[in-house]
């Protein structure tokens, strides 16, 4: 999730408002010295997207490799580790399915067409549809075959399914080799990961500029109709997150863990409020641990492993958002996604939510990965920035609650008796 520092949230919000105003006033025709403002927005916005795309391959690969190698090397990573990882995958997969259902049911991208909103010129849009139509003829078997690459060089050219598989496999292999070569490889990949984070921090310093240009471009092309169109997308995401947080997870707590979901909501109250206000799972971590251990009654043995690990790799709310956002952008471009492509989006959302969560603006990078993999223009994420800040607060809250639910599920699976037995808790 986004780890905002200092005044950056307000800078981003200011950039969004300014982008809406400037884009709506200038339109796509106004300019200076023969250069339209629209083209200026377009160039700077694309430069920002290119900078984000530049870090995708090293960030995804190094994050997955180091994370899996560390997990496989933990002395506690046996039956307990497999149980934890199983719940992580299971809850994220359920979240993505909820997102897939709501975005297909509400079809929010269609409202752009209904309001006459254009996101690219007709010639480019027609060519995109032709390219994707040709790509949609690929069978689901071909998509599966892309998971295991035949050429390691091609993997690092951006074949994301193959890159993710290779990174998972290499991370596991590193955890099983002798100590000396293991430490060398871990040092190398940790160095790549930390260096990429430094580059990411530098790129994200220009986030307000990038957001301004991408939002301004969108509103220059479509005017204030974009807000009306984005409202449907906004409520689609909120509806999906609500179903997952208030229906799916409570059902798991009730019928799998055998506990009262309302008691867990009360126990996690302070952490949920902190997550919503900070938009940061990392900043909320100390409060989350305190709530899970002291208020929910999960043992330190379980809590100290599940919660910090979940903050890094279990981002169910983000996974749901990535799925909805990718399909929404496809709908805006007028692309009818085949079952094969939707399967690819589900798979990519699942793995990217594990692979690059916990870094600044992780969802932005993850959506770029998905868009690139299915052949859509990465600059399509510019459509999301006007509402992304509030949605970031909401999905961070869902991420934290999902982590805590996994801790309860694991603790009950390990036979702990004191979980959620306190009756004196208030929400706040």
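The values are calculated or read from the model by the stated rules, or taken from the named source; none is laboratory data. Every value quoted in this text rests on a predicted model; they were computed, and no experiment measured them. Cβ sites come from the backbone with ideal geometry, for glycine too, and all protein chains shown count toward neighbours.
Of note:
- Exclusive hit being part of a helix (DSSP H, G or I) and either closer than 21 Å to residue 63 by Cα or in contact with a helix residue (DSSP H, G or I) (Cβ under 6 Å, 6 or more places away or on another chain) (or both), set 337, 420, 425, 350: 350
- In region 68-97, residue modelled with the highest pLDDT [restricted to those that are within 18 Å of residue 170 (Cα to Cα) and surrounded by 22 or more Cβ atoms within 10 Å (Cβ to Cβ)]: 69
The rows are residues; the columns are (1) touching a residue at least 40 places away in the same chain (Cβ under 8 Å); (2) more than 21 Å from the chain's Cα centre (by Cα).
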site: 194; (1), (2): no, no
site: 204; (1), (2): yes, no
site: 208; (1), (2): yes, no
site: 217; (1), (2): yes, yes
site: 220; (1), (2): yes, yes
site: 234; (1), (2): yes, no
site: 241; (1), (2): yes, no
site: 248; (1), (2): yes, no
site: 252; (1), (2): yes, yes
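- Meeting the requirement of 1 or more residues that are in contact with a helix residue (DSSP H, G or I) (Cβ under 7 Å, 6 or more places away or on another chain) and at pLDDT 90 or above, the helices (runs of 4 or more DSSP H) wholly within region 203-274 are 225-243, 249-252, 261-267.
- Looking only at region 184-198, and only at residues there that are modelled with pLDDT of 85 or more and surrounded by fewer than 15 Cβ atoms within 10 Å (Cβ to Cβ), the one that is nearest to residue 57 (Cα to Cα): 195
- Hits in region 292-317 - residues which are within 22 Å of residue 392 (Cα to Cα) and either in a helix (DSSP H, G or I) or touching a strand residue (DSSP E or B) at 6+ places or on another chain (Cβ under 8 Å) (or both): 307, 308, 309, 310, 311, 312, 313, 316, 317
- For region 395-410, the condition of being at pLDDT 85 or above and farther than 27 Å from residue 258 by Cα holds for none of the residues.
- Restricting attention to region 283-300, the residues being surrounded by fewer than 24 Cβ atoms within 10 Å (Cβ to Cβ) and touching a residue at least 12 places away in the same chain (Cβ under 8 Å) number 8.
- Some residue of region 354-369 being more than 26 Å from residue 202 (Cβ to Cβ) and assigned to a loop (DSSP other than H, G, I, E, B): no
- Residues in region 154-175 include at least one that is within 26 Å of the chain's Cα centre (by Cα), surrounded by fewer than 12 Cβ atoms within 10 Å (Cβ to Cβ) and at pLDDT below 75.
- Per-region count, region 174-187, residues out of contact with any helix residue (DSSP H, G or I) (no Cβ under 9 Å at 6 or more places or on another chain) and either in a helix (DSSP H, G or I) or farther than 30 Å from residue 68 by Cα (or both): 5
- Residues satisfying the stated conditions in region 1-24, i.e. farther than 30 Å from residue 399 by Cβ and modelled with pLDDT under 85: 23, 24
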